[in-house]
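Working notes for the structure below.
The values are calculated or read from the model by the stated rules, or taken from the named source; none is laboratory data. Because the structure is predicted, anything quoted here is derived from the model rather than measured. Counting neighbours? That spans all protein chains shown, and the Cβs are built from the backbone with ideal geometry, glycine included.
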Amino acid sequence: MAERKKREKKIAEAPVAPAKPRARRKPAEAPAAPAKPRARRKPAEAPAPLPEAPAPLPEAPAAWRTPAPADWPALPVVTGHDHIVAVPIDARSALLYWELTSEGLTRARASLGGAEHGVELILRLYLIGRGDETEIRDAPVGVWLGHRRISFDHDGLRLTAAVGFRAGDGFVGVARSNPVQLPHAGPGSDPVRFVDASGARHPVPAGVETEALRRLSAAELFR
Amino acid sequence: MSLALVVEHHLPFAPGDARAAVAATLGVHLPLLAALRRLETDAVRSPLTVVLSPTALAMLERERDAIRVGVETTLLQADAEVERTRHDAPMHATAVQLRDLLDAHFRLFETLGGDVVAEYRRLADLDRVEVATTTATRGFLPLLQDRAALRGQVEVAVAEHTRHFGRPPAGIRPPACGYAPGCEEVFAEAGLRWFAVAPHGLLDAASPPVFGVFAPVVAGGVAAFARHEGLTREIEAAAAREPTWRLPDTPWRQTGPTPHKALYDAAAARARATELATTLIDRFEGHSEAVRRHMQSPIFLVELEARRDEAAWLIEDLFRRLHARRLEATTPAAWLAGGRLLQETRPAPSSTAPGGHAKALCTPGSEWIVPHLHHAADRLRSLAREGADRRRLAQAARELLLAQAADWPERLHRGDDVDGAVAQLRDHLAAFHRLADGAEESFLAEREARWPLFPALDPQAWGR
């Protein structure tokens with residue numbers, strides 16, 4: 001009892017942080033799903049180089065300056081240079097986000113040679129599968145600042161994205177993304193190599209089977 | 001054949017709010033340290049790998065006085081509960097058991113002088129445990145992308161670990177074992193010798209993994225270990241559903257979704273932990289026999305959640321069974337010291353988060369965070385290269401590290417105080433930009449006082 005009183009006294013004298021109620025609410029609402037990109041298959045080709053910027057050019061029309069989405073937090077996200085970034089999310093999806101400046105838009109528009117009708121701001125995806133064939137997919141975006149999640153039917157694609165103007169069959173990019181490799185299911189086909197603690201290479205030890213333990217590991221993984 | 005048991009503990013950095021630190025001290029550290037001390041007394045080896053996040057270390061260090069008050073308050077509440085249930089015999093018996101458990105923890109807390117980190121350091125110095133690290137603020141590496149951002153999270157974690165333990169960590173278990181190509185180079189630069197990856201990170205590696213998950217592979221000079229999913233899940237299932245174990249923070253047992261609740265009985269829970277340990281060691285031996293037909297010295301890495309007394313008893317009994325059967329327990333660093341030949345390959349991008357990749361941390365509700373983090377990291381790298389004012393840069397780096405914590409997208413995903421999480425995240429990002437813009441001295445001093453994290457932080461990690 002004396003010990004208890006001692007504890008009570010000690011606690012009464014010590015500062016205690018006030019307890020804050022912990023609010024719970026439903027998960028953040030997802031924005032509307034983006035329009036499914038249109039797929040167009042083309043023969044293997046390297047992405048077209050982005051045009052050199054002719055300068056100086058007039059300012060982009062105000063109509064192109066779509067405001068940032070309403071749910072975008074009021075933080076300084078505008079960096080002032082044209083870019084698009086690709087981030088792998090899983091084996092079959094990636095996040096793309098981009099920012100285009102009025103200068104970049106104006107230069108790209110001028111490169112279209114003055115075409116006025118049917119000009120559309122799009123995301124162009126260059127997808128390379130295991131067969132090394134490049135598939136090109138376009139998706140209209142319409143905004144100079146945004147992010148979009150793109151899903152694919154196959155895993156393990158190599159992806160590069162560009163954002164720019166499409167007019168008829170022509171495309172002029174304003175920015176091109178980093179290339180990303182989406183994860184694939186199953187091991188790769190690189191040769192099997194062994195190293196010791198010093199990093200020196202060694203041949204595959206005698207008697208080592210290459211499949212049995214992988215199968216055993218996978219059985220544990222999915223049982 | 002070797003068994004490596006790994007436990008992880010993380011606390012978000014929340015100065016002034018010691019509730020989580022009190023719960024962790026009572027629920028994780030004191031039961032675990034008590035178990036490790038009993039094993040030490042009985043001369044039973046206990047090579048446990050304890051992953052302590054740098055923010056958890058910061059909270060345990062900074063909030064020591066508040067933790068003491070919290071521990072004493074909890075004990076006082078347990079005393080009061082014993083009094084309150086005096087006329088309800090079954091409830092009273094449980095209340096007495098819970099008070100006695102807490103009392104034992106409190107006595108250990110007093111013995112340690114309230115410094116649980118010092119006890120881990122003592123055990124590590126005796127090679128009785130291996131203390132590993134995770135990223136500085138639990139930043140999820142596959143979504144950070146930028147090399148400077150990865151370096152910041154990893155090098156600050158290593159520096160902070162070194163400050164607490166007097167030597168750098170040998171290994172890192174990134175949050176959710178998140179791996180993307182290039183991480184291994186950052187780990188190697190930071191002097192790490194091993195890291196943890198998800199099992200499919202090894203199984204889907206660039207070259208077929210000859211030993212599956214039963215040996216690490218070497219990537220960029222650093223060994224990548226994957227956990228044994230079967231044993232890990234078995235322990236997870238026991239922790240979640242074992243009916244004799246206590247429903248956390250209640251006097252009830254985990255009886256599942258039924259209106260018929262039963263009172264907790266510590267002796268029954270303790271006995272069950274012993275039974276479970278025996279079953280798990282039997283299973284480990286069975287698996288090992290199957291694996292040893294194909295390789296000589298497999299290692300089984302098993303992850304456990306040590307969030308309660310029962311988990312600490314299980315860990316204690318696992319080590320006792322291993323000792324009794326003369327089976328080898330090890331840690332990743334000790335196993336690597338054996339100088340075995342290892343396969344050299346690159347793991348596949350992977351994580352142990354739901355879905356196996358970044359999907360659970362980059363949901364439609366939280367993906368807007370990613371561009372903010374990339375822009376801020378880009379800006380910090382530029383400022384560090386320009387040689388901006390070091391003090392200002394260091395605080396900006398703290399704000400960025402705090403914004404990069406995976407805790408925010410996880411809270412958004414779970415719906416756990418979403419407004420609070422978004423407000424906190426925005427506060428860190430806004431402060432980062434204000435500091436990067438050259439904020440006035442008073443603002444810098446205010447942020448330093450409010451978010452006093454990682455005193456040894458070197459912002460040049462972002463500038464190299």
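Within region B:219-234, is there a residue that is of a type outside the set (G, A, S), surrounded by fewer than 19 Cβ atoms within 10 Å (Cβ to Cβ), at the interface with chain A (Cβ under 9 Å from one of its Cβ atoms) and over 18 Å from A:P187 (Cβ atoms)? Yes. In the set B:A56, B:A4, only one residue is farther than 22 Å from B:R163 by Cβ and surrounded by 21 or more Cβ atoms within 10 Å (Cβ to Cβ); that residue is B:A4. Could you list all residues from region B:362-402 that are touching a Pro at 6+ places or on another chain (Cβ under 6 Å), in contact (Cβ under 8 Å) with a residue 60 or more places away in the chain and either outside the structural domain of B:L429 (by TED's automatic domain parsing) or among the small types (G, A, S) (or both)? Listed by number, the residues that qualify are B:A384, B:A394, B:A397. Return a yes/no flag: does region B:390-413 have any residue that is more than 18 Å from B:G139 (Cα to Cα), in a helix (DSSP H, G or I) and in contact with a Phe, Trp or Tyr (Cβ under 9 Å, 6 or more places away or on another chain). Within region B:390-413 (the criterion being more than 18 Å from B:G139 (Cα to Cα), in a helix (DSSP H, G or I) and in contact with a Phe, Trp or Tyr (Cβ under 9 Å, 6 or more places away or on another chain)), the answer is yes, since at least one residue qualifies. Residues considered: B:R99, B:R68, B:R107, B:R86. Of these, the only one that is charged (D, E, K, R), within 12 Å of chain A (Cβ to nearest Cβ) and more than 30 Å from B:T162 (Cα to Cα) is B:R99. Annotation: A:Q181 fulfils all but one of (1) under 24 Å from B:D204 (Cβ atoms); (2) crowded, with 17+ Cβ neighbours inside 10 Å; the unmet one is (2). Any residue in region B:152-161 that is within 30 Å of B:P371 (Cα to Cα), more than 12 Å from every other protein chain (Cβ to nearest Cβ), over 18 Å from the mean Cα position of the chain (by Cα) and crowded, with 23+ Cβ neighbours inside 10 Å? Scanning region B:152-161 turns up at least one residue that is within 30 Å of B:P371 (Cα to Cα), more than 12 Å from every other protein chain (Cβ to nearest Cβ), over 18 Å from the mean Cα position of the chain (by Cα) and crowded, with 23+ Cβ neighbours inside 10 Å.
Within region B:384-399, the set of residues being over 14 Å from B:D458 (Cβ atoms) and within 14 Å of chain A (Cβ to nearest Cβ) comprises B:E399 only. Figure legend. Inter-residue proximity from region B:299-327: first residues buried (at least 24 other Cβ atoms within 10 Å of the Cβ) and among the hydroxyl-bearing types (S, T, Y), second residues modelled with pLDDT under 95 and outside any loop (DSSP other than H, G, I, E, B), beta-carbon distance below 8 Å, spacing 6+ or different chains. No pairs are indicated. I'd like to know if region A:164-178 contains one or more residues that are more than 14 Å from chain B (Cβ to nearest Cβ), in a loop (DSSP other than H, G, I, E, B) and out of contact with any strand residue (DSSP E or B) (no Cβ under 6 Å at 6 or more places or on another chain). Looking through region A:164-178, at least one residue is more than 14 Å from chain B (Cβ to nearest Cβ), in a loop (DSSP other than H, G, I, E, B) and out of contact with any strand residue (DSSP E or B) (no Cβ under 6 Å at 6 or more places or on another chain). Considering each residue of region B:293-300 in turn, at least one proves to be β-branched (V, I, T), outside any helix (DSSP H, G or I) and either over 29 Å from B:L11 (Cα atoms) or within 14 Å of chain A (Cβ to nearest Cβ) (or both). Does B:A239 satisfy the criteria of being buried (at least 20 other Cβ atoms within 10 Å of the Cβ) and in contact (Cβ under 8 Å) with a residue 60 or more places away in the chain? Against the criterion (buried (at least 20 other Cβ atoms within 10 Å of the Cβ) and in contact (Cβ under 8 Å) with a residue 60 or more places away in the chain), B:A239 does not qualify. Residues that are assigned to a loop (DSSP other than H, G, I, E, B), touching a helix residue (DSSP H, G or I) at 6+ places or on another chain (Cβ under 6 Å) and surrounded by 15 or more Cβ atoms within 10 Å (Cβ to Cβ) within region B:429-461 comprise B:W451, B:L453, B:F454, B:L457, listed in sequence order.
The residues listed here are B:A271, B:A329; of these, the one that is under 22 Å from the mean Cα position of the chain (by Cα) and either at pLDDT below 95 or over 21 Å from A:L216 (Cα atoms) (or both) is B:A329.
Checked against (1) within 11 Å of another protein chain (Cβ to nearest Cβ); (2) at pLDDT below 90, A:R130 meets all criteria but (1). Applying the selection to region B:86-130, what residues are among the charged types (D, E, K, R) and part of a loop (DSSP other than H, G, I, E, B)? If the condition is that a residue be among the charged types (D, E, K, R) and part of a loop (DSSP other than H, G, I, E, B), then B:R86, B:D88, B:D115, B:D127, B:R128 are the ones that fit.
Here the condition is being part of a loop (DSSP other than H, G, I, E, B), over 27 Å from A:G156 (Cβ atoms) and out of contact with any Lys or Arg (no Cβ under 6 Å at 6 or more places or on another chain); of B:R321, B:R346, B:R326, it holds for B:R326 alone. For first residues located in region B:205-230 and under 18 Å from B:P174 (Cβ atoms) and touching a residue at least 24 places away in the same chain (Cβ under 8 Å), partners that are in a loop (DSSP other than H, G, I, E, B) and of a type in the set (G, A, S) and lie 6+ apart or on another chain with Cβ distances below 7 Å form the pairs B:A205/A:G188; B:A205/B:A348; B:V217/B:A205; B:G221/A:G199; B:A226/B:A198.
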